[in-house]
1. Could you compute how fast the chain diffuses translationally, taking Rh as the Kirkwood radius over C-alpha pairs and applying Stokes-Einstein at 20 °C with viscosity 1.002 mPa s? Give it in µm² per second.
2. For the chain, find the longest principal axis of its Cα atoms and tell me its angle to the long axis of helix 110-121, 0 to 90°, nearest 10.
3. Going by accessible area, probe 1.4 Å, with all protein chains left in place, what is the ranking of E76, E15, E23, largest first?
4. Under 8 Å for C-alpha pairs, at least 6 residues apart: give me the relative contact order for the chain, rounded to a whole percent.
5. Compute the accessible area per residue over the chain, keeping the other protein chains in place, probe 1.4 Å, unit Å².
6. Taking the chain as the reference, fit the longest principal axis to its C-alpha atoms, fit the long axis of helix 46-67 to the helix C-alpha atoms, and give the angle between the two in degrees, 0 to 90, nearest 10.
7. Leaving ligands, DNA and RNA out of it, report the carbon-plus-sulfur percent of the accessible area of segment 1-109 at a 1.4 Å probe.
Amino acid sequence: MAILAFILTFIVMIEHIYIMILEMFFANTKLASRTFGVEKELLANKKVQTLFANQGLYNGFLAAGLVWGLFFAGAEMAETVQIFFLSCVVVAALFGGATSSKGILVKQGLPAVLALIAVLLV
């Protein structure tokens, strides 16, 4: 179960690194337009790009917390750190699903819930 928990948490971490990079550095691309369901013309707006970059930074913080929990937290803290940051991802997915797109519940929420369950069962 420990290996499964690691793999699932790692997937959530990679997903949030990807989202961070996309939102912070490639917000005005076709890929971002497709991924976020936003017209490319809107993404060309500098204010929208700033909002995306800010949102990307928060996704980066979630990823950084998972990196910490997976690779740098001592054995006595690793599980607690992972539980905290996975819980934050679940809350963010619930909010995003309620306010932005139901797809967020599946794309971000489901992997985080599965990882959280696996970590709790270790």
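The values are calculated or read from the model by the stated rules, or taken from the named source; none is laboratory data. The structure presented is a predicted model; accordingly, all values stated were derived computationally and were not measured. Remember, those area values only see protein heavy atoms, side chains included, never the ligands or the DNA or RNA. Shrake-Rupley method; radii C 1.70, N 1.55, O 1.52, S 1.80 Å.
1. 145
2. So the inclination is approximately 10 degrees.
3. Accessible-area ranking of E76, E15, E23, largest first: E76, E15, E23.
4. Result for the chain is 34 percent.
5. Here the residues of the chain average 60 Å² of exposed surface.
6. Rounded to the nearest ten degrees, it is 10.
7. 71
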